[in-house]
Each structure stands twice: as structure tokens, then as C-alpha cells.
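Written below as C-alpha cells is the structure these notes are about.
The values are calculated or read from the model by the stated rules, or taken from the named source; none is laboratory data. Every value quoted in this text rests on a predicted model; they were computed, and no experiment measured them. Note that each Cβ is placed from the backbone with ideal geometry, even for glycine, and that neighbours are counted across all protein chains shown.
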Amino acid sequence: MAKTIDDEIQIIRISKMNDPEINLLILLDQACCIVNDAVELELRHLRITQPQVRVLAMLSREDRPVTLDELANWTLKEFNSVSTLINRMEKNGLVKKIRKDDDLKTYVALTEKGSVLYHKQVTERSIHLIFGKLTDEEKKHLESMLIKLRNNTRDLLGLDFKPPFLP
């Protein structure tokens with residue numbers, strides 16, 4: 001007896017429902033969405049976005065001007081998106097662009113206003129309340145697993161590929 005399309009779809013549906021990797025992706029997506037929603041809610045009163053905070057965090061951590069390429073790589077965003085974001089942040093006085101005479105690249109640095117905003121006003125309280133429920137061991141394990149997922153995905157997408165003929 002031939003199976004109908006509905007029968008085939010039902011078999012695939014059940015298979016997908018029981019796929020542990022698909023279920024992990026759904027759970028990861030739900031966790032990311034709800035954590036991001038909490039962070040956005042916390043940032044709303046500062047009139048700043050998560051992408052802007054990510055840039056401020058990177059500039060603060062590097063403690064040096066960074067290139068737009070470095071920002072794009074770190075935030076996993078397209079160069080044009082990062083450039084637009086930086087233009088908006090520069091207009092708001094949070095960052096400044098720097099051009100070096102001997103270099104064609106544009107560098108970005110924190111301004112005093114951006115530094116004060118990030119270090120004194122962005123409390124990240126929501127993040128501490130959320131992740132504070134995990135033990136130190138659980139945090140280390142989660143970090144290890146997320147790094148592994150990120151690095152594996154970067155490899156699959158060829159994001160770190162460097163042709164062997166380039167220095």
C-alpha cells in the first residue's frame with residue numbers, strides 16, 4: 001500500500017520533534033530571545049541598543065582604537081551594518097573615528113561620554129540576575145559549550161578561512 005504525502009509528512013514531523021539537536025536549537029533560541037528581551041528592557045531607559053553596548057564593551061575591553069573590520073568580526077555583523085552603527089554612535093558622541101596618516105583603515109575609539117555611559121550607567125543587572133542562578137561550575141560548563149558551538153559554526157561557515165598564500 002502506497003504512503004500518502006500526509007503519511008510521509010507525519011513521519012518526518014515525528015522525526016523532527018524527537019531530534020535532540022533540533023530541540024537544542026529551539027531551546028538555545030528561546031533562551032537567547034528571552035535574555036535579549038530582558039537586556040533590551042533594562043537598556044531602554046538609557047536610549048541605547050544592545051549592538052551599541054556590544055561596541056562599547058569591545059572598545060572598553062581592548063583599551064585601544066579598533067578597526068571597523070575588527071568590530072564586524074567581533075559582533076558577527078556585516079561591515080556595512082557596523083559602519084552604519086558606528087556613524088549613529090559617533091553622531092550621539094559615544095565614539096569617535098580616527099584616521100591615521102599612514103593607514104587607510106578607519107579606527108574607532110570610545111569618547112568620554114561613551115565610557116561614562118558604559119561604565120557608570122549600563123549596569124547589566126539583568127544579566128547578573130539571570131546568570132546568577134547558575135553555579136560557577138555551571139557557568140564554566142556553559143561557556144565551554146558555547147565556545148565550542150561558536151567555533152564549530154565559524155569553521156563550518158569558513159569565517160576564519162585564510163588562504164595559505166596570504167601572510
Against the condition surrounded by 15 or more Cβ atoms within 10 Å (Cβ to Cβ) and modelled with pLDDT of 95 or more, how does LEU110 come out, does it pass? yes
Here the residues within segment 148-162 that are over 16 Å from ALA31 (Cβ atoms) and either part of a loop (DSSP other than H, G, I, E, B) or not hydroxyl-bearing (Ser, Thr, Tyr) (or both) are LYS148, ASN151, ASN152, ARG154, ASP155, LEU156, LEU157, GLY158, LEU159, ASP160, PHE161, LYS162
Within segment 113-134, which residues are within 20 Å of ILE34 (Cα to Cα) and either among the polar types (S, T, N, Q) or surrounded by fewer than 11 Cβ atoms within 10 Å (Cβ to Cβ) (or both)? THR123, SER126, HIS128, GLY132, LYS133
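Residues checked against (1) assigned to a helix (DSSP H, G or I); (2) among the hydrophobic types (A, V, I, L, M, F, W, C); (3) touching a Pro at 6+ places or on another chain (Cβ under 9 Å):
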{"residue": "LEU25", "(1), (2), (3)": "yes, yes, no"}
{"residue": "ALA31", "(1), (2), (3)": "yes, yes, no"}
{"residue": "ALA38", "(1), (2), (3)": "yes, yes, no"}
{"residue": "ILE48", "(1), (2), (3)": "no, yes, no"}
{"residue": "LYS77", "(1), (2), (3)": "no, no, yes"}
Is there a residue being small (Gly, Ala, Ser) and out of contact with any strand residue (DSSP E or B) (no Cβ under 8 Å at 6 or more places or on another chain) anywhere in segment 138-156? yes
Among the residues of segment 42-69, which ones are surrounded by 18 or more Cβ atoms within 10 Å (Cβ to Cβ), within 16 Å of the chain's Cα centre (by Cα) and over 24 Å from ARG125 (Cβ atoms)? LEU68
Taking LEU28 as meeting all but one of (1) more than 16 Å from the chain's Cα centre (by Cα); (2) within 18 Å of ILE130 (Cβ to Cβ), write down the number of the exception. (1)
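Please determine whether any residue of segment 60-70 is of a type in the set (A, V, I, L, M) and not in a helix (DSSP H, G or I).
Yes, the conditions are met somewhere in segment 60-70.
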